[in-house]
Each structure stands twice: as structure tokens, then as C-alpha cells.
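Taking it in order: structure first as C-alpha cells, then the write-up.
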Amino acid sequence: MEPLYDTRSITDIIFEIAGRLGGTVASSFNGIGGGAEGFVKYRTGDIIPWDELKEKGVWLGPAYQYGNYDGIFNTPSGKFEFYSANLAGVLEKTAGAGNRLDCLPHYQEVEFLGDEGSYPLTLLTYQPLLNVENGHQNYPWAQELYMVMHGFGWGNFIEINKEKAGELGIRDRQMVWVESPFGRIKARARVLEGMHPEVVCMATGQGHYAEGQWQKDIGVNPNDIIGVSYDHLSGQSSFFNTRVKVYRA
Amino acid sequence: MAKWGMVIDLDKCVGCQACTIACKEENSVPHGSPDEQRQRREPYWNRVLAVSEGEYPTVRVEFISMPCMHCEEAPCVTVCPAKATYHREDGIVIQDFRRCIGCRYCIVACPYGVRNFNFKDQLEKEYHRPDLPPNRADRGPWPFPRRVRGVVEKCTFCFHRIDKGLEEGKKIGVDVVPACVEACPTGARLFGDLEDPESEVSYLLASRGSFRLREALHTQPSVFYLHS
């Protein structure tokens, strides 16, 4: 099928842009085909011949047979492993001689950012219902009931346990500073019974930098004060381990 | 003559506010602004309140979704000086916007706080939908073309849907329901004829414990809540 007018497929355009950017971006696109058709050939080359793929249009792998564990166990010994040899191999290659016991199932102590003395509370950020499918903040009907559990909108709150708020001298709907080792933001406090005394909670999704007719200047973004930290075994980033302190504004 | 009522199952309600937004879409209710919310002036034909009880760590939150209760002894009907709001035969408390003088006495009289006053004109392109989904096209336009500033309005149990459904001979409560009932994802809201012993609402009211809000005021509301 010929392309219309002077257009190219999006894959071709991405390859072209990567090549023009140069440096490490271009090098990660090397050797994988060089274009849309080339990429498909590269991916399917050792599975199905190109002409056969063009004729059939699809490649179907073999159906899974129950009990055929050789096909799905990718462990070096071919058996279920408590001591993960795969993980040990990766750790040796990347981290050198690490603690071998890490490859067994174990409990890992959480590394909090910020010491308990100066920052007594833990910040938990959550996505409320209207943020889950990415951003309904620019729709006024959704924005006006953004905090569904509280029945308010046009902003987000820092939610504190009632006793803790009493200790800190904070009343409901009062403006407070939430400070972490990385910065501080000003938010409205919401004093609730349903919070753990040592945790404060804030909904993400507000505090946009970009313009938007209904989302401009609304709320604060807790991600501004969260630190960057990773779990060193799995490599995933951790969002919930920043400690904060809360005080009246 | 049918008597329309609504049953809301508090066990199934999750507080998603889909009913609130569906009602706003169906009846073109305008949105508020941050200032209006602070002054509690924003128009909501259906409100969902989150009521929490208990102390940490045993806290319980319940969502109570309140449309207009369409009371049999409606205080808003009694106090209206212009007789703009009246009780229809089939149980719906309905309003003639052209007679309303905007005195807001009915808002004061309503014990449930479900009436709203239009403080502002509706914007021209408030909810501009060039792509009407196919199932809206046959419902026709809402009988009141544009909301007028200075009148009070409230939930009408989507009487436009019910009247059109009755004309076409459809079964109300099964084929034709108000917008909030249709939108509820958990099936917590049900609509039907309270006087018909075969309807779903009568069956639920007979088999499960129910209550109505502020019964002590003897307003006889038509919206029942099932215990969670």
C-alpha cells in the first residue's frame, strides 16, 4: 500500500529523529532495522520468514501445554528456586560482590529520606479517583468535586490525623507548610479521623505548571517535595518514603 | 396513577459521584467556581455527602447521595409565594420556572438543602458537545432551553425522560430511568413505581431495612435509603 501524498510512517519518523539527535539516543537505535519495514524484519527474522509473514500477516506461537514447565521456567537450574540464581547473576555483573543473602526472600528495612527527629511524619501521596485516567483537572465539572471523599474540589489538601493536628495546633481548613528535606509547599489542612497519626496524605494531580483554563493556580503538587530514591534490588523508584514536617503558615 | 420513588442502596454506593456528573450533563447544570464553592453557592441537583463516624482507628465513612426527595408534604410547595413549585399527581415535585420570582423561600424551607439558586447566567458554550453520542439524539432537547438567572431549580427525577417514556409505552424503572440511575456503576440507585407491588423498588423496600432522611419532620420523602 502506497502512502498518501508525502507522508511516512511514524516509525520511520522516529528513526529519523533519533538519527538526527545523535549521541546516545542514536546509538540505541542502531542495528535494529533503520526504518519501519527494517524493524519488523529484525524482530521477526528468526521466528518466521519475511515472505511467509507478508502472506499470512500474523505469527502464532505454539499453544501452551499444561505441565510443560521447561517452556516457562527461565531459571538456570530449571527448577523453582528460593535462592534466585538469575538475580545473583545480575547482581554480580552490575554490583560486584553484593550481599548474597539478598537473593533469598527477605525483609528489607525501608530507607526513609529525612531523619525522624526533624521530620516526624511520613508523606503519602495518592491518586484520587478523578486522577486515575490521567488528569480531569481541566474539566470544571470534575474539578469542582475533585476530592471525592471530602466533597470539595478546586484544590487538594494535606490530610492529618485529628489528634496529631491537635498536637501541632492545626485546625481544619487552615493553611499549613509541608516541609521535607527537599522543599516546602503551602497547602490547606484537612483534619480527619481516618488517618494514621504518623502519616500525612496528599492527593496528586493539582498544582499544574502549565496553563489550563480551569486547572491554573489550583492546589499544590506534592511531587515537588518528594525525593528521588530507588529500591536497589529491583531498580524501581520509591515514592512513599519521604519524611515531612507540618506547621502552621 | 403511578407514584415515582427512588431507592438508594448505601451498601453499594462507593462515592464515585457518577450520579452527580451524569445529572449535570443531562440537565445542563452549570459548574461552580472556587469562590462559589467557598460560599456554598454552586448548583448541584444531586449531592453526595461523605459522612464519617468513629474515631481512629475504627472509622467508617458512608456516602449519602441526595437528589431532591420529592416529598409528599413538601415544605417548598407550601411556602412558595408565586405557586411556582407544585406537586404533580405522579409524585414529582416540579417547578414552573416562569412563575418563580427568585425569593428563595423554598431554599430556606427545604430541610434537605437540595434546591439551588441560579446566581449567574449560563455561559453560551458551557458544555459544548459537537459529537452527540447516538443514544442521546432521540431524546430530544430538554424542555427548558436555557437556564435563567434568578430562579431556583432542583432535581426533577428527569421527568422529561419519564414523560417521553410513558408516551412511547416503555416501562419506567426498567427501560427508562433518570440519568443518575443510569450512570451508577454499582447499581446502587433504583427507580420505579412505589405503588406497584411488582416493581423492583417495592420489592427492595419490603425485603430490606430502609430509612428516609429526617423522618421526624414528617415531609414524607420519596427517596429511600437501604441500610448498609
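All of the numbers you see were taken from the coordinates with simple rules; none came from a lab. Since this is a predicted model, take the numbers as computed values, not measurements. With ideal geometry, Cβ positions are generated from the backbone for all residues, glycine too; neighbour counts draw on all protein chains shown.
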GNM of chain B, Cα pairs under 10 angstrom: of B:Ser202, B:Ser52, B:Ser210, the biggest fluctuation goes to B:Ser52
Just order A:186-197, B:63-74, A:33-44 by mean Cβ neighbour count inside 10 Å, highest at the front, would you?
-> B:63-74, A:186-197, A:33-44
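Provide a whole-number value for the mean count of partner chain Cβ atoms within 10 Å of the Cβ atoms in peptide A:189-202.
2
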At 7 Å along the Cα-to-beta-carbon direction for both A:Gln174 and B:Val174, put a label point, then send me their distance in nm to one decimal.
-> 5.9
Estimated FRET transfer efficiency when R0 is 56 angstrom, pair B:Val108-A:Asn223 (beta carbons, to 0.05) = 0.80
Determine which lysines satisfy two conditions relative to A:Lys164: a Cα distance under 21 Å, and not lying fewer than 8 residues away in the same chain.
-> A:Lys186, A:Lys245
For region B:23-106, the fraction of alpha-carbon pairs in successive 5 Å shells from zero, as % = 3, 11, 14, 18, 20, 15, 9, 5, 3, 2, 0
For region A:1-58: rounded, prolate or oblate by the Cα gyration tensor [a/c cutoff 1.5] = oblate
Count, for each residue of B:3-16, the Cβ atoms from other chains sitting within 10 Å of its Cβ, then give me the mean as a whole number.
-> 1
In the Gaussian network model of chain A, springs joining C-alpha atoms below 10 Å, which of A:Leu60, A:Leu130, A:Leu87 carries the largest mean-square fluctuation?
-> A:Leu60
Using a cut-off of 15 Å between alpha-carbon atoms, which aspartates and glutamates can reach B:Lys170, once sequence neighbours fewer than 8 places away in the same chain are excluded?
-> B:Asp138, B:Asp193
Among B:Lys12/B:Lys83; B:Lys83/B:Lys164; A:Lys162/B:Lys120; B:Lys12/B:Lys171, which pairs are too far apart, with a Cα-Cα distance over 28 Å?
-> B:Lys12/B:Lys83; A:Lys162/B:Lys120
HN-Hα couplings for region A:52-62 via Karplus (6.51, -1.76, 1.60; θ = phi - 60°), in whole Hz with x for Gly/Pro, come out as 5, 5, 5, 6, 7, x, 8, 10, 10, x, x
Residue-averaged 222 nm ellipticity for chain B, from DSSP H runs of 4+ at -39500 (n - 2.57), nearest 500 | -5000 deg cm²/dmol
In nm, what is the difference between 0.36 nm times the number of residues separating A:Ala210 and A:Tyr247 and their Cα-Cα distance?
-> 10.5 nm
Cα convex hull of region A:1-134: mean projected area in nm², to one decimal?
-> 17.6
List every residue whose amide H lies under 5 Å from the amide H of A:Ser238, counting only residues 5 or more places away in sequence or on a different chain, with H placed 1.01 Å from N in the peptide plane.
-> A:Ser229, A:Tyr230, A:Asp231
Quick one: compute the contact order of chain A, relative version, from alpha carbon pairs under 8 angstrom and 6+ residues apart, as a percent.
-> 18
Evaluated at q = 0.10, 0.15, 0.17, 0.18 Å⁻¹: base-10 log I(q)/I(0), Debye formula over Cα of chain B = -0.46, -1.10, -1.42, -1.59
From the phi of every residue in region B:216-221, what ³J(HN,Hα) in whole Hz does the Karplus formula 6.51 cos²θ - 1.76 cosθ + 1.60 yield, where θ is phi - 60° and glycine or proline is x?
-> 5, 8, 6, 8, 6, x
Estimated [θ] at 222 nm from DSSP helical runs (n ≥ 4, -39500 (n - 2.57)) normalised by residues in chain A, nearest 500 | -6500 deg cm²/dmol
Over all residues in A:153-160, what is the mean tally of Cβ atoms on other chains that come within 10 Å of each residue's Cβ?
-> 2
Find the eigenvalues of the gyration tensor of the Cα atoms of region A:121-248, then list the square roots of 5 times those eigenvalues as equivalent ellipsoid semi-axes, largest first, in whole angstrom.
-> 22, 20, 13
Given Cα pairs under 8 Å that are at least 6 residues apart, what percent is the relative contact order of region A:1-58?
-> 22
In a solvent-free Debye calculation with one equal scatterer on each Cα, what is log10 I(q)/I(0) for region A:188-249 at q = 0.14, 0.21 Å⁻¹, listed in the order of the q values?
-> -0.58, -1.03
Enclosed volume per residue, in Å³, of the convex hull spanned by Cα atoms of the protein assembly as shown | 281
Residues in region A:86-121 that a label on A:Ser77 would reach, taking backbone N under 14 Å of a point 7 Å out along Cα→Cβ | A:86-89, A:103-105
Can you give me the P(r) profile for chain A? Cα pairs, bins 10 angstrom wide beginning at 0, each as a whole percent.
-> 6, 18, 18, 20, 22, 13, 3, 0
Net charge near A:Pro181 (other residues with Cβ under 15 Å of its Cβ; Lys, Arg +1; Asp, Glu -1) is -2
For the protein assembly as shown, what is the percent of antiparallel DSSP beta bridges, rounded to the nearest 5?
-> 70
With springs only between Cα atoms under 10 Å, which of B:Leu190, B:Leu166, B:Leu213 fluctuates most in a Gaussian network model of chain B?
-> B:Leu166
Rounded to 5, percent antiparallel among DSSP beta bridges of chain A = 60
Amide H partners (placed H, <5 Å) of B:Val48, local residues excluded | B:Met66
